[in-house]
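First comes the structure, then the notes that go with it.
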Protein chains: 2
Amino acid sequence: MFVAMNRISCQPDYVERFEELFRNRARQVDTLPGFIQAKILRPLKDDQPYIVMTMWEAKEHFDAWLKTEAFREGHRRGFEDMRRAREEGRTPPMSSTMEEYEVFAE
Amino acid sequence: MFVAMNRISCQPDYVERFEELFRNRARQVDTLPGFIQAKILRPLKDDQPYIVMTMWEAKEHFDAWLKTEAFREGHRRGFEDMRRAREEGRTPPMSSTMEEYEVFAE
């Protein structure tokens with residue numbers, strides 16, 4: 001099993017919007033080949049990021065998702081928020097680091 | 001749902017032993033109240049840690065686990081490796097950072 005974790009730090013004034021984007025997500029990804037589950041994690045300590053975690057049968061399924069219309073549509077609103085901030089010279093509302101793992105024991 | 005992630009960086013010469021400890025784990029934790037699942041994650045990129053992830057119905061269940069004999073027994077071999085390195089003045093074989101999350105969307 002392959003696990004992708006996108007560790008996302010939000011600006012304080014973006015947190016509410018960020019959570020709203022995920023509570024209303026389109027769930028198109030859930031229907032893709034190899035998809036197992038997604039969990040969106042809110043940190044319980046202040047100095048830690050949000051984590052968008054998706055689990056897949058194999059890395060190939062995750063890589064294929066990144067090239068789909070479902071991926072672009074699922075990230076459209078967040079990408080627009082980033083673009084607008086950039087155009088207006090504001091601090092980006094979020095920054096992210098992608099981590100990739102394989103499950104070797106359960 | 002509550003998710004605990006212990007991010008563990010291993011010394012290169014400890015990686016094999018580290019994985020062995022988890023492949024042979026006692027699985028006592030799996031029987032505890034509120035336990036949902038555990039996944040032990042191997043990083044696919046060099047600069048990232050291993051992650052020991054446990055999921056629980058609530059944080060209270062996780063906190064209760066830390067006080068059990070099952071926890072002590074499950075970590076006995078790793079703790080001994082750490083103690084031995086300390087006594088012998090060697091670099092600790094691993095270092096860890098605990099992160100705690102709640103699932104706010106799936």
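Every number in this text was worked out from the coordinates using simple rules, so none of it is lab data. In this text the structure is predicted, and so the values were computed from the model without any measurement. In this analysis, Cβ positions are derived from the backbone assuming ideal geometry, glycine residues included, and neighbour counts consider all displayed protein chains.
Structure summary
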| read-out | value |
| --- | --- |
| FRET efficiency, 1/(1 + (r/R0)^6) with R0 30 Å, evaluated for A:SER95 and A:LYS67 via beta carbons | 0.85 |
| Position B:LYS45, label points 7 Å along Cα→Cβ, spacing to each other copy in nm (shortest first, one decimal) | 2.1 |
| Inter-copy label distances at B:ALA85 (7 Å, Cα→Cβ; nm, one decimal) | 3.7 |
| Exam field: B:GLN28 pseudo-label spacings to other copies (7 Å along Cα-Cβ), nanometres | 4.9 |
| Number of partner chain Cβ atoms within 10 Å, mean per residue of A:19-25 | 2 |
| Sorted by Cβ neighbour density within 10 Å, fewest at the top, the residues A:LYS39, B:LYS45 | B:LYS45, A:LYS39 |
| 222 nm mean residue ellipticity, helices alone, for chain B (DSSP H n ≥ 4; -39,500 (n - 2.57); rounded to 500) | -10500 deg cm²/dmol |
| Student exercise, the range B:2-102 dipole from Lys, Arg, Asp, Glu Cβ charges, in Debye to nearest 20 | 240 debye |
| Protection proxy ranking, peptides B:57-64, A:79-86, average beta carbon neighbours within 10 Å, highest first | B:57-64, A:79-86 |
| Those residues of the range A:91-106 whose amide nitrogen sits under 19 Å from the label point placed on B:ALA105, 7 Å along Cα→Cβ | A:93-99 |
| Assigned charges on the beta-carbon of Lys, Arg, Asp, Glu; the protein assembly as shown dipole about Cα centre (debye) | 60 debye |
| Peptide-level mean, for A:95-101, of C-beta atoms on other protein chains within 10 Å | 4 |
| Packing-based exposure ordering (other Cβ within 10 Å, fewest first) of B:ILE51, A:ILE36 | A:ILE36, B:ILE51 |
| Exercise: per-residue mean of other protein chain Cβ atoms within 10 Å, B:48-55 | 3 |
| Using alpha carbons only: equivalent-ellipsoid semi-axes of the protein assembly as shown, gyration tensor based, whole Å | 33, 19, 18 |
